[in-house]
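Reading through the structure tokens given below for one structure.
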Amino acid sequence: MLEDAPLTWEEVARAYGRKIYNFAYRLTGNADHAADLTQEVLLRVKKGLAGYRPGSFEGWLWRITRNAFLDDTRRRKRRPTAPLPEEIDRVASYSSPAPDQVLAAVRLGDDIQAALLELPYDFREAVVLCDIVGLSYEEISAAIAAPIGTVRSRIHRGRKMLKERLQ
Amino acid sequence: MTHPSEPLSALLDGELTEPDRTRVVDHLSTCHACRDELNELHSARASVRSLPLLDLPSGLSPVEKGVAEVLSLRRRPPAWVAAAAAAILALFIGVATILAPPTSLEVRLDQLSDQYGARTSLEPAITPRTPLQVIDRVAGPIE
């Protein structure tokens with residue numbers, strides 16, 4: 001993990017671009033949304049890096065990533081991409097993946113991804129930050145602005161829900 | 001000790017302090033139910049961790065365009081650099097025109113000016129990376 005080191009934007013993009021994309025993909029199950037989000041995060045990092053003060057770089061970066069993700073979720077909810085009338089009930093959103101996305105993951109044989117997408121957002125996020133991104137509980141706590149006890153509870157309950165769905 | 005539940009995930013993640021870890025491990029040595037739960041949690045954790053790490057999309061993806069855009073913002077020199085380069089080029093051409101006899105050299109300089117003048121004024125010093133080079137850098141191994 002990088003701590004207290006002055007980083008250039010290129011170094012951040014090189015070291016974290018792929019992780020950010022995987023975080024977004026595992027939360028959404030959608031490659032296009034994940035790519036859009038990665039681009040947005042890297043642009044926000046570019047703008048914000050000058051103001052970064054030494055501390056928990058992981059917490060700072062993943063807080064930006066999470067905020068970008070939630071902003072995008074809200075934006076997509078407000079302005080869904082012109083669904084046909086019969087599709088209105090299944091407009092995809094990040095926090096509640098559409099059933100067709102879950103089904104698509106199952107058809108591809110990716111039952112683990114499908115099970116992840118069925119978790120409520122808070123639990124999915126905690127599990128992905130821990131087991132996909134590889135953050136410590138303290139770093140997750142900084143990223144999602146929640147106490148460590150909450151992080152521990154969400155990861156634990158998320159794993160139990162996953163186990164039920166995978167059985 | 002009551003059955004520890006949440007601490008079992010924290011135990012797997014190495015997130016328990018030493019006194020708590022010792023207590024949980026001691027309990028596990030005598031409690032089948034908690035060992036079973038630990039195995040289930042370990043299995044769920046391993047499942048998520050088994051998901052492949054995906055590469056960034058290649059080609060003209062939004063990611064690549066975004067990275068290229070940000071890099072070009074960073075690497076574009078200040079306007080005065082471009083203006084100075086153009087002025088120097090114009091001065092050089094002017095001096096060469098005055099000093100040099102009307103030979104083929106003048107023709108070549110004029111051609112150079114026409115062909116490269118605008119481009120040089122826009123990109124005087126730095127050649128931006130191509131999008132492919134950019135995405136190769138971004139998609140490097142995760143540390």
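Throughout, read-outs are computed from the coordinates displayed, never taken from laboratory work. Keep in mind that what you see is a predicted model, and the values were worked out from it rather than measured. With ideal geometry, Cβ positions are generated from the backbone for all residues, glycine too; neighbour counts draw on all protein chains shown.
Could you please rank A:Trp62, A:Trp9, placing first whichever residue has the fewest other Cβ atoms within 10 Å of its Cβ?
Numbers: A:Trp62 25, A:Trp9 20.
Lowest to highest Cβ neighbour count: A:Trp9, A:Trp62.
Taking label points 7 Å from Cα along the Cα-to-Cβ direction, B:Asp36 and A:Thr150 give a separation of 3.4 nm.
By definition, a body whose alpha carbon gyration tensor gives a ≥ b ≥ c is oblate when a/c is 1.5 or more and a/b is not larger than b/c, and segment B:6-49 fits this oblate description.
With a 10 Å Cβ neighbour count serving as the proxy for reagent exposure, in which order, fewest first, do A:Phe69, A:Phe57 appear? Don't skip to the answer; put the middle values down first.
Working: A:Phe69 25, A:Phe57 19.
Final ranking by Cβ density, sparse to dense: A:Phe57, A:Phe69.
Label-to-label distance, A:Arg53 versus A:Asn67, with points set 7 angstrom from Cα along the beta-carbon direction: 1.5 nm. Taking 7 Å steps out from each Cα toward its Cβ at B:Thr17 and A:Thr8 produces label points 4.3 nm apart.
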